[in-house]
Amino acid sequence: MTAVAPNASTEILQQLIRLQCVNDGHEDSGNETRAADLLRPVVDLPGVEVQTLGPKANRQSLVARLPGTDPAAPTLLLLAHTDVVPVQPADWHQDPFGGELIDGWVWGRGAIDMLCLTASMAVAFRELAERRLALPGSVVFAAVADEEAGAAWGADWLLQHHRDAVMADYVITECGGTPMHTPSGMKLPVLVAEKGSAWTKLIVHGTAGHGSTPLIADNALVRAAEVVRRLAAYRPLAVIHDTWREYVKAMEFDPELEATLLDPARITDWAVAHPDRGFAADCHACTHMTMSPNVLRGDGKTNTIPGSVEMEVDIRILPGQTADDALAVVRDLLGDLIEHVEIVPLHGNWPATASPVDSPLWRTIGKASASVYPDARVVPAITPGGTDARFYRDLGATSYGYGLFSHELTFDHYVAMFHAADERVDVHSMGLMEGLWTDIAVDLLG
Ligand SMILES: [Zn+2]
């Protein structure tokens, strides 16, 4: 492949990575105002209305609007987030906040999730403003805070307090658009649905005592270890829901794989053993309620047996399942330990959401993608993760997750890089996305 010259969005991506807008869930983290300030001059052109909005000085979001000529025409929102999740630097082969460009790839936390999209959306928005197209419909670019920790300082807050500024008929946000090859040709997943969440805290009780006499102790940490073991051993039967069935059919995999992916009795074992770990994990997550104990906290001392410890469990639910269903599963898994465990639902629980596939935005995405990959077909998919699209779906907007990536970036690699080490994106993909967003806006709103 020939070398691809860096484009405008590549440079902005590098700068965004270097800002280190790390959101660890605390209200004084993130500091996304710096990203809003960085992006403001990119989109602040004549004819554009630009605002910086947020509930706290350090958690501001940037909202830029290019008004259409017809107030009755639809509005398209390019919905980006500017925060990133924390890193474990020792696992990285490059500086996670260096934003270095090495052999055509930009390295750093957020390169995939989702600063590549954020940067390319900003550049595309500027391009639209510079062209002075006088489109009937309006385009809004929002670079929002706090996507990674529930959006209470970002999209959720903006929709509650400044709905007129950020509401739209059509919304495009993160994930999707990674080329996938099947026997019938290339497919490009568009995320039309996402799983729900039922994050849960478990407070495991014991009796405090002296660490030197464990025989008579009732150690909450030891009990918590058994709780973790039981949660991790959860192996439900897969649920073949409609969105999954439509995705598998549209992908046109080989018949053997299709049969496996639609068989609740076979898909789990297949996913455990499949060598493409990212693809397998995605297939597993999209068809199962998953339960991942991710935090264990105790205010202990080496010589003190803990009287209680807390754990946090990331539970993700499928279309049709509720948070109550998840709690029933947790109670069941705890079994005889339940009398020692308090179950506390955490903030940020929501059901699965979906947008209709048959929409003007769907057709526009298909057209814009075909100009880059003429033989590819867009396929409706569900993501196991949560995005800000859910807030918009709740309000009736058609919201999809999309992007457009080069052949260099395989789906397997893409999935494996989310919230993980050595996150990076290629310059070629950045250029594709710049063009994609402008093409979509012109086709949809023109
Ligand atoms: Zn994201």
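In contact (Cβ under 8 Å) with a residue 40 or more places away in the chain and within 30 Å of residue 294 (Cα to Cα), is that true of residue 394?
Here the answer is yes, as residue 394 does meet what is asked.
Return yes when residue 407 is closer than 24 Å to residue 149 by Cα and touching a helix residue (DSSP H, G or I) at 6+ places or on another chain (Cβ under 9 Å) and no when it is not. If you could, list the steps in order and put the result at the bottom.
Details: closer than 24 Å to residue 149 by Cα: no; touching a helix residue (DSSP H, G or I) at 6+ places or on another chain (Cβ under 9 Å): yes.
So residue 407 fails the test.
Specify the residue that is most open to solvent (accessible area, probe 1.4 Å); the eligible residues are those in the stretch 383-395 that are under 18 Å from residue 78 (Cβ atoms) and not polar (S, T, N, Q).
Here the answer is 395.
Could you grab me the full set of residues in the stretch 292-318 that are closer than 28 Å to residue 235 by Cβ and open to solvent by 70 Å² or more (accessible area, probe 1.4 Å)?
Scanning the stretch 292-318 gives 294, 296, 297.
Regarding the stretch 157-171, can at least one residue be identified that is within 16 Å of the ligand (Cβ to nearest atom) and hydroxyl-bearing (Ser, Thr, Tyr)?
no
If a residue has to be hydrophobic (A, V, I, L, M, F, W, C) and over 17 Å from residue 236 (Cβ atoms) to count, how many in the stretch 251-265 make the cut? Can you show your working first?
Taking the stretch 251-265 as the starting set, the residues that turn out to be hydrophobic (A, V, I, L, M, F, W, C) are 251, 253, 257, 259, 261-262, 265.
Of the ones still in play, those that are also over 17 Å from residue 236 (Cβ atoms) are 251, 253, 257, 259.
Qualifying residue count for the region: 4.
This table checks each residue for (1) open to solvent by 20 Å² or more (accessible area, probe 1.4 Å); (2) more than 15 Å from the chain's Cα centre (by Cα); (3) under 26 Å from residue 239 (Cβ atoms).
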| site | (1), (2), (3) |
| --- | --- |
| 381 | no, no, yes |
| 397 | no, yes, no |
| 413 | yes, yes, no |
| 421 | yes, yes, no |
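Check off (1) touching a Phe, Trp or Tyr at 6+ places or on another chain (Cβ under 9 Å); (2) assigned to a loop (DSSP other than H, G, I, E, B); (3) open to solvent by 20 Å² or more (accessible area, probe 1.4 Å) for residue 175 and give me the number that stays unchecked.
(3)
Residue under question is residue 236, and the condition is that it be touching a residue at least 40 places away in the same chain (Cβ under 8 Å), within 21 Å of residue 343 (Cβ to Cβ) and surrounded by fewer than 19 Cβ atoms within 10 Å (Cβ to Cβ); does it hold?
Values: touching a residue at least 40 places away in the same chain (Cβ under 8 Å): yes; within 21 Å of residue 343 (Cβ to Cβ): yes; surrounded by fewer than 19 Cβ atoms within 10 Å (Cβ to Cβ): yes.
Against the criterion (touching a residue at least 40 places away in the same chain (Cβ under 8 Å), within 21 Å of residue 343 (Cβ to Cβ) and surrounded by fewer than 19 Cβ atoms within 10 Å (Cβ to Cβ)), residue 236 qualifies.
Yes/no per residue for (1) away from the ligand (no atom under 16 Å from the Cβ); (2) more than 22 Å from residue 252 (Cα to Cα); (3) touching a Phe, Trp or Tyr at 6+ places or on another chain (Cβ under 6 Å):
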site	(1), (2), (3)
343	yes, yes, no
346	yes, yes, yes
366	yes, no, no
370	yes, no, no
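Exactly one of these conditions fails for residue 213: (1) within 30 Å of residue 24 (Cα to Cα); (2) modelled with pLDDT under 95. Give me its number.
(1)
Restricting to the stretch 178-207, name every residue that is away from the ligand (no atom under 16 Å from the Cβ) and in a loop (DSSP other than H, G, I, E, B).
Within the stretch 178-207, 179, 183, 184, 198, 199, 206 qualify.
Identify the residue in the stretch 244-279 that is outside any loop (DSSP other than H, G, I, E, B) and over 23 Å from residue 416 (Cβ atoms) and, among all such residues, is least open to solvent (accessible area, probe 1.4 Å). Please lay out each step first, then the result.
Going through the stretch 244-279, the residues outside any loop (DSSP other than H, G, I, E, B) turn out to be 244-251, 255-261, 267-273, 277-279.
From what is left, the residues that are over 23 Å from residue 416 (Cβ atoms) are 245-246, 249-250, 255-256, 258-259.
Values: 245: 100, 246: 100, 249: 111, 250: 17, 255: 109, 256: 115, 258: 42, 259: 46 Å².
Looking at residues that are outside any loop (DSSP other than H, G, I, E, B) and over 23 Å from residue 416 (Cβ atoms), I get 250.
Starting from residues that are touching a Ser or Thr at 6+ places or on another chain (Cβ under 8 Å) and in a loop (DSSP other than H, G, I, E, B), keep the ones in the stretch 299-326 and report whichever is farthest from residue 211 (Cα to Cα).
319
Just to verify a result, which residue in the stretch 341-352, among those that are open to solvent by less than 50 Å² (accessible area, probe 1.4 Å) and not in a strand (DSSP E or B), is modelled with the lowest pLDDT?
If we take residues in the stretch 341-352 being open to solvent by less than 50 Å² (accessible area, probe 1.4 Å) and not in a strand (DSSP E or B), then 348 is modelled with the lowest pLDDT.
Can you tell me which residue is farthest from residue 289 (Cα to Cα) among those in the stretch 157-172 that are assigned to a helix (DSSP H, G or I) and open to solvent by 50 Å² or more (accessible area, probe 1.4 Å)?
Here is the first cut: in the stretch 157-172, the ones assigned to a helix (DSSP H, G or I) are 157-161, 163-166.
Still in the list and also open to solvent by 50 Å² or more (accessible area, probe 1.4 Å): 160-161, 163-164.
Working: 160: 30, 161: 33, 163: 33, 164: 36 Å.
By that ranking, first place goes to 164.
Filter the stretch 378-414 down to residues that are part of a helix (DSSP H, G or I) and at pLDDT 95 or above, then give me how many there are.
The initial filter retains those residues of the stretch 378-414 that are part of a helix (DSSP H, G or I), namely 389-394, 411-414.
Those still in the list that are at pLDDT 95 or above too: 389-394.
Within the stretch 378-414, residues that are part of a helix (DSSP H, G or I) and at pLDDT 95 or above number 6.
The values are calculated or read from the model by the stated rules, or taken from the named source; none is laboratory data. Quick caveat, the model's predicted, so the values are computed rather than measured. No Cβ is skipped: glycine too gets one built from the backbone with ideal geometry, and neighbour counts run over all protein chains shown. The accessibility values were calculated without ligands, DNA or RNA, using every heavy atom of the protein model including side chains. Shrake-Rupley method; radii C 1.70, N 1.55, O 1.52, S 1.80 Å.
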